[in-house]
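Q: Here it is, the structure in full.
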Amino acid sequence: MCLGIPGRVLEVNPENQTAVIETFGVKNTVSTFFVPDVQVGDYLMVHTGYAIEKLDVEEAEIRIKLWEEILSDATPGEVSRPGDR
Amino acid sequence: MEDRLILLAHGDGGRLTHELVTALFLKHFGNEVLARLTDAAELHLDGGRVAVTTDSFVVNPPFFPGGDIGKLAVCGTVNDLAVSGAEPRYLTASFLIEEGLPLADLERVVASMAAACREAGVEIVAGDTKVVGRGQLDRIFINTTGVGYLPPGRDLGYHRLAPGDLVLVNGNLGDHGMAVLAQREGFGFGDQIVSDCAALNGIIGTLLREFSGVRMMRDLTRGGLATAAKEIAAAAGVDLWLEERAIPVGDATRGAAEMLGLDPLYLANEGKFLTVIAPEEAEEAVALMRAHPLGQNACVIGEVRAGKGNVYLKTALGGTKFLDMLAGAPLPRIC
Amino acid sequence: MQLLEKFRDPAIGRGLLEKVVARAGQVREKLGRRAVFMEVCGTHTVAISRAGLRSILGEYMELRSGPGCPVCVTDYGDIDRMVAFGALPGVTVGTFGDMVRVPGSRTSLERQRAAGADVRLFYSPRDAVAWAAAHPGREMVFLGVGFETTAPGVGAAIAEARARGLKNFSVFSAHKIVPPAMRAILADPDLKLDGFILPGHVSTIIGRRAFDFIAAEYGLPAVVSGFEPLDIIDAVYRLLGQLLSGEARVENGYTRLVREEGNPRARAQMYEVFTVGDASWRGFGLIPQSGLDIRETYRDFDAAARFEVTIEPPRLPKGCACGDLLKGKLAPTDCRLFGTACTPEHPVGPCMVSSEGACAAYYQYERR
């Protein structure tokens with residue numbers, strides 16, 4: 001219901017509470033009214049032109065690592081290949 | 001019953017357009033040539049064959065990154081002839097102009113058409129101009145009709161498709177539709193996405209000269225790859241299986257499409273075409289296309305299988321989904 | 001964006017899917033049937049369809065769409081009212097693209113536009129405010145549709161319009177809030193769901209904790225999920241894990257974005273402008289304290305207060321199963337009208353027209 005677009009902050013304009021972000025090479029100006037202390041290099045999640053939260057990069061890395069751990073744990077019986085169906 | 005009106009969706013190239021063509025135009029105009037519903041009509045004159053096509057251009061806005069309505073009017077018609085296997089030769093041009101259009105804008109459009117004609121090797125040999133009162137249309141509309149020469153023995157079409165044939169495209173999809181939509185709606189990243197508007201008769205001519213296994217071609221205009229693929233599958237009575245990961249989409253268009261909740265496979269192109277080709281020739285054809293400036297990201301995106309007219313997309317995760325014709329012009333989805 | 005690309009990595013996705021299938025098999029054995037989960041959010045519905053997940057997982061579990069498609073749950077009367085604004089002289093209706101084709105009980109904004117109404121699309125409510133400022137001779141009525149994710153931005157736009165002294169900007173608020181609808185679903189004795197994939201961006205605003213009642217009061221597992229295919233696969237994996245261990249918790253699968261307490265600044269903006277009131281949901285009827293009305297202090301920006309529109313009592317289409325669908329009781333293909341009387345070109349209900357409506361997603365990507 002709520003399309004969110006992640007983007008990396010290229011430029012911060014504190015005087016009007018906006019930031020320029022980049023998503024797959026596309027730049028866009030968004031309001032940072034709901035997210036304090038935005039810095040260049042931060043990742044923001046944007047909905048209808050408003051940043052709704054800063055992405056926690058550390059948490060993102062933890063999650064990826066967790067998945068990689070789950071995948072390296074070859075539990076017996078888990079050998080079906082749904083990907084090829 | 002509600003009073004039925006013509007909606008914008010009747011002109012978007014999707015299902016409603018299809019309904020209008022078959023239920024209204026074919027009903028009244030029906031003849032053997034028209035009934036084939038090909039991009040261009042094949043006519044036999046004194047033993048020679050010519051292809052004829054016509055198209056009207058109403059793009060809003062008339063100027064957009066990568067082109068303008070004039071360039072589009074030439075390229076669009078040239079491409080319809082080229083994918084039919086014809087060598088485009090002559091165009092006519094009709095201008096419908098709103099009172100008050102700056103002459104400089106008109107000259108810009110006309111100069112752009114002239115440049116596009118030189119590039120495509122075609123000439124505008126007849127034309128017409130009408131001016132209507134303010135508000136009766138938006139700035140400028142252009143109709144072009146194109147005539148092309150069909151060399152002896154050239155035979156492209158649905159009837160040549162066979163299971164095992166491969167499906168190629170000549171590059172990144174969705175750029176034109178995204179560029180125009182972004183520019184029209186003022187979404188704030190308009191200039192970063194550039195229309196792919198280009199005349200394709202050069203690259204197509206090379207392909208047709210080199211490869212006898214080209215079965216058919218389609219330009220991927222309104223409704224995008226998905227709509228064209230569905231039309232081909234339905235008309236030929238085969239299934240098309242496409243690989244999501246193989247389908248090329250540029251970063252900027254992909255990013256903008258994500259922002260607006262749009263699927264690039266349903267966005268229009270003005271410089272992209274689909275080719276169905278015999279499998280043994282596919283690899284060389286891709287190499288040849290990649291050597292051409294309008295085919296640098298050419299690749300195989302899928303294959304023809306025996307079937308009932310469906311288009312399946314194999315997703316990156318290994319799932320399959322079904323592609324259908326566009327239903328209504330793509331609208332940004334946000335909330 | 002490299003880090004975020006990882007969340008789409010097909011190799012990880014396929015690997016996780018293997019684990020999901022293995023777990024789902026165990027769950028099927030334990031329950032004696034396939035598990036049934038609801039993806040509450042329409043953006044999840046679209047993401048699941050686009051990634052082709054239903055074709056992979058359908059044998060092992062059922063994923064049902066929920067009430068989280070804002071235009072799908074917009075009441076017929078509200079849609080009729082929105083269309084009626086477009087018929088007022090001097091009024092330009094501003095809307096997200098989602099709303100344009102949604103049929104009211106008699107017509108839609110798209111048809112109204114064909115008949116001469118000025119209907120404009122906006123990506124952001126901020127752009128609608130800028131448009132109003134640039135066109136002082138027109139009245140801009142912006143259609144406020146959406147949940148907790150969207151309402152703060154619309155609230156900020158209203159505050160901005162006031163700060164700029166605009167007299168020609170107003171909002172018709174059909175905003176809704178999610179937890180009361182979840183309670184309505186959970187309270188239904190007919191419902192058979194084994195867990196929920198919870199909306200990640202609504203949770204970003206209201207916080208993970210706001211959904212604790214699902215486990216605490218109704219004993220069902222739930223996972224707050226992001227929108228990348230891997231997020232969704234992970235959420236399913238966690239739901240299956242809870243079913244196997246017999247637990248019921250509200251997990252946070254979207255820790256890179258969702259905080260326990262949500263985003264207080266966004267909520268403060270929302271409640272500065274809006275106040276919670278009763279709302280009618282399509283398919284549910286009236287749900288107490290589930291909508292957002294514009295506060296009396298912002299009355300000048302409330303289109304419902306500023307313009308008199310009268311609508312006839314809505315005519316409801318016969319046979320449309322959108323209601324049961326939005327409650328997770330049916331799949332789109334269970335509806336008798338699906339793909340026959342109701343298609344994207346001739347939609348009977350909003351679920352077929354919104355691009356995140358479950359019927360439209362099934363029609364476009366999954367019909368056979």
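No lab work stands behind these numbers, since they all come straight from the coordinates. Every value quoted in this text rests on a predicted model; they were computed, and no experiment measured them. Glycine gets a Cβ as well: all are built from the backbone with ideal geometry, and neighbour counts include every protein chain shown.
Q: Scattering from the C-alpha atoms of the stretch B:1-159 alone, worked out with Debye: what is log10 I(q)/I(0) at q = 0.15 1/Å?
A: Log10 I(q)/I(0), no solvent term: -0.93.
Q: While we're here: Expressed as a fraction of 2.2 N^0.38 Å, the rule-of-thumb size for a compact globular protein of N residues, what is the C-alpha radius of gyration of chain C?
A: My calculation over the Cα atoms of chain C gives 1.00.
Q: In percent, what relative contact order does chain C have, based on Cα pairs under 8 Å that are 6 or more apart in sequence?
A: 22
Q: Tell me whether the stretch C:63-184 comes out rounded, prolate or oblate; compute the Cα gyration tensor, take square roots of the eigenvalues as a ≥ b ≥ c, and use a/c under 1.5 as the rounded threshold.
A: Oblate, because a/c is 1.5 or more while a/b does not exceed b/c.
Q: How big is the stretch C:9-115 by the Kirkwood estimate over distinct Cα pairs, in Å?
A: Roughly 16.9 Å, rounded to one decimal.
Q: Moving on. Just checking the output field for B:253-261: average partner chain Cβ neighbours within 10 Å of each residue's Cβ?
A: The shielding value for this peptide is 6.
Q: Next question. Determine, for B:219, B:46, the number of other Cβ atoms within 10 Å of each Cβ, and report the residues in order from fewest to most.
A: By the 10 Å Cβ count, ascending, the order reads B:46, B:219.
Q: Related question: Out of residues 5 or more away from residue C:35 or on other chains, whose amide H comes under 5 Å of its own, with H placed 1.01 Å from N in the peptide plane?
A: C:62
Q: Mind running the shape call on the stretch B:244-335? Use the C-alpha gyration tensor, a ≥ b ≥ c as the square roots of the eigenvalues: rounded below 1.5 for a/c, prolate if a/b tops b/c, oblate otherwise.
A: oblate
Q: Place +1 on the Cβ of every Lys and Arg and -1 on the Cβ of every Asp and Glu in the protein assembly as shown, take the dipole about the Cα centre, and give the residue among B:256, C:73, C:116 whose Cα lies farthest towards its positive end.
A: Checking the options against the dipole of the protein assembly as shown, the answer is C:73.
Q: Order these peptides, C:168-177, C:337-346, by their mean beta-carbon neighbour count within 10 angstrom, highest first.
A: So the order, starting with the most tightly packed, is C:168-177, C:337-346.
Q: Still on this structure, please answer the following. To check you understand DSSP bridge types, tell me what percent of the beta bridges within the protein assembly as shown (both residues inside) are antiparallel, rounded to 5.
A: That works out to approximately 60 percent antiparallel.
Q: A follow-up question, please. Please rank C:334, B:239, B:80, B:324, fewest neighbouring Cβ atoms within 10 Å first, as an exposure proxy.
A: If I rank by nearby Cβ atoms, fewest first, I get C:334, B:239, B:324, B:80.
Q: Quick one: which of C:176/C:318; C:19/C:327; A:65/C:19; B:230/B:308; A:54/C:327; B:71/B:272 span more than 21 angstrom between C-alpha atoms?
A: Long pairs (Cα-Cα over 21 Å): C:176/C:318; C:19/C:327; A:54/C:327.
Q: Where does the protein assembly as shown land on the Kirkwood hydrodynamic radius, alpha-carbon pairs, in angstrom?
A: Over the protein assembly as shown, the inverse of the mean reciprocal pair distance is 27.5 Å.
Q: Using a Förster distance of 56 angstrom, determine the FRET efficiency expected from the C-beta separation of residue B:245 and residue C:260, and round it to 0.05.
A: The calculated FRET efficiency here is 0.90.
Q: If you count the DSSP beta bridges with both ends in chain C, what percent of them are antiparallel, to the nearest 5?
A: The answer is about 20 percent antiparallel.
Q: Under the classification rounded if a/c is under 1.5, otherwise prolate if a/b is larger than b/c and oblate if not, where does the stretch C:153-224 fall, given a ≥ b ≥ c as square roots of the Cα gyration tensor eigenvalues?
A: It comes out prolate by the Cα gyration axes.
Q: Summarise the partner chain shielding of B:5-12 as one whole number: the mean count of Cβ atoms from other chains within 10 Å of each residue's Cβ.
A: 3
Q: If the elastic network links every pair of Cα atoms under 10 Å, which of B:237, B:318, B:153 fluctuates the most in the Gaussian network model of chain B?
A: Evaluated over chain B, the most mobile residue of the options is B:153.
Q: Rank B:13, C:221, C:166 by how far each Cα sits towards the positive end of the charge dipole of the protein assembly as shown (+1 on Lys, Arg Cβ; -1 on Asp, Glu Cβ) and give me just the farthest.
A: About the Cα centre, the residue reaching furthest to the positive side is C:221.
Q: Separate question: When only alpha-carbon atoms are used, what values of Rg and Dmax, in angstrom, describe chain B?
A: In Å, with Rg to one decimal and Dmax whole: 19.4, 60.
Q: Continuing with the same structure: Given a Förster radius of 51 Å and the C-beta distance between residue C:192 and residue B:4 as r, what FRET efficiency does 1/(1 + (r/R0)^6) yield to the nearest 0.05?
A: 0.75
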